[in-house]
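**Student:** There's a structure below that I have some questions on.
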Amino acid sequence: MCKKFVANGYFVIAGDANAARLIDSIGELNRSGQNAVAKPGDLRSKAYCEDLMDEAIGLTGRLDALVNNAGIITRGTILETSDEDWERTFDINLKSIFYTCRRAVGFMKGHGGGSIVNISSTWGIYPGPSHAAYCASKAAVATFSRCLGRDHAADGIRINAVCPGEIDTPMLRSGFIHRGFDPETAVAELSKSNPLGRLGKPEDIADAVYFLSSDAARFIAGTTLEVAGAKAVY
Ligand SMILES: NC(=O)c1ccc[n+]([C@@H]2O[C@H](COP(=O)([O-])OP(=O)(O)OC[C@H]3O[C@@H](n4cnc5c(N)ncnc54)[C@H](O)[C@@H]3O)[C@@H](O)[C@H]2O)c1
């Protein structure tokens, strides 16, 4: 996503808890100019969520687009979900988005509007089995985005959610490892179950997010966009 926005002329402030990987990725983007800043931190901190917005505004004087992508997957039925699992899931997947959105909407409202894209999941719309906390948190992200989209359209702020299907990332592969499968074999098998014949790639989501953030999506607000290659979720 950072790559996509930088390629389209944006200056990017990127946050993530994995400092080493974040700094590496942003270093790569900056090889061809100073296009991005890495600001590692933990989104469970309200101060960090707000600092991310303030740093973007402080450095550039503007905030055109916010993308809330970070998330964790918590596995298990309710009986397998501890209090800590539940709280951690909602702190990272939902509460952080409340803090970043509130700060961003506050600024965008007085500065000509902007775009916000929150990453939900197809499991936030059609919940899958044995992921009660994850599915509930992603459903909340989808509904929260639609509420905000409606409330702030008149302020020129378009707020939408993207609901990815199965995307080949460390999160997806961790599920295979958790169940004792070889990730390469499992990815190849799972690819066959998608009507488009493959799993999604991070670039597929980045393109959808960029589209929603761009003027090409100027009449799209308060909605959820499924990016899942037509795979039905049961
Ligand atoms: N991969 C999929 O199949 C899939 C499907 C549907 C939705 N999603 C959603 O897409 C988003 C990206 O997922 P991904 O597959 O790239 O997962 P990932 O695990 O590969 O990446 C998630 C990122 O979030 C960061 N993160 C986690 N907790 C954090 C915290 N407390 N503070 C700051 N950063 C934190 C991690 O360091 C990591 O870089 C998530 O919101 C996920 O729920 C993924």
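**Student:** Name the long-range amide H neighbours of Gly114: under 5 Å, sequence gap of 5 or more, or other chain; modelled H, no Pro or chain starts.
**Tutor:** Those qualifying (amide H under 5 Å, at least 5 residues apart or on another chain) are Ile157, Arg158.
**Student:** Just to confirm my numbers, what's the Cα centroid distance between the range 161-234 and the range 114-160 in Å?
**Tutor:** Taking the Cα centre of each part, the range 161-234 and the range 114-160 sit 16 Å apart.
**Student:** For a 22 Å ceiling on Cα separation, which of these pairs sit above it: Lys138/Lys201; Lys39/Lys201; Lys46/Lys138; Lys201/Lys231?
**Tutor:** Correct reply: Lys39/Lys201.
**Student:** Give the Cα extents of the range 1-41 along the principal axes, in whole Å, largest first.
**Tutor:** Sorted largest first, the three principal extents are 25, 15, 13 Å.
**Student:** Right, next: Can you give me the distance in nm between label points at Ala20 and Glu203, each placed 7 Å from the Cα along the Cα-to-Cβ direction?
**Tutor:** Label at Ala20, label at Glu203, 2.7 nm between them.
**Student:** Residue by residue through the range 47-59, which ³J(HN,Hα) values in whole Hz follow from phi under the Karplus form 6.51 cos²θ - 1.76 cosθ + 1.60 (θ = phi - 60°), with glycine and proline marked x?
**Tutor:** 4, 5, 4, 6, 4, 4, 5, 5, 5, 4, 5, x, 7
**Student:** Once amide H atoms are built 1.01 Å from N in the peptide plane, which residues 5 or more positions from Ile13, or in another chain, come under 5 Å H to H?
**Tutor:** Val37
**Student:** Okay, next question. Using a cut-off of 12 Å between beta-carbons, work out the net charge of the residues near Phe181 (Lys and Arg +1, Asp and Glu -1, Phe181 not included).
**Tutor:** Once all neighbours under 12 Å are counted, the net charge is -1.
**Student:** Kindly provide log₁₀ I(q)/I(0) values, in the same order as q = 0.10, 0.19, 0.24 Å⁻¹, from the Debye equation applied to equal alpha-carbon scatterers of the range 1-100.
**Tutor:** With no solvent term, the Cα-only Debye profile gives -0.32, -0.94, -1.30.
**Student:** Over the alpha-carbon set of the chain, divide Rg by the Kirkwood Rh and report the Rg/Rh ratio to two decimals.
**Tutor:** Over the Cα atoms of the chain, Rg/Rh equals 0.96.
Read-outs throughout are calculated quantities, based only on the coordinates presented, and are distinct from any laboratory measurement. In this text the structure is predicted, and so the values were computed from the model without any measurement. Counting neighbours? That spans all protein chains shown, and the Cβs are built from the backbone with ideal geometry, glycine included.
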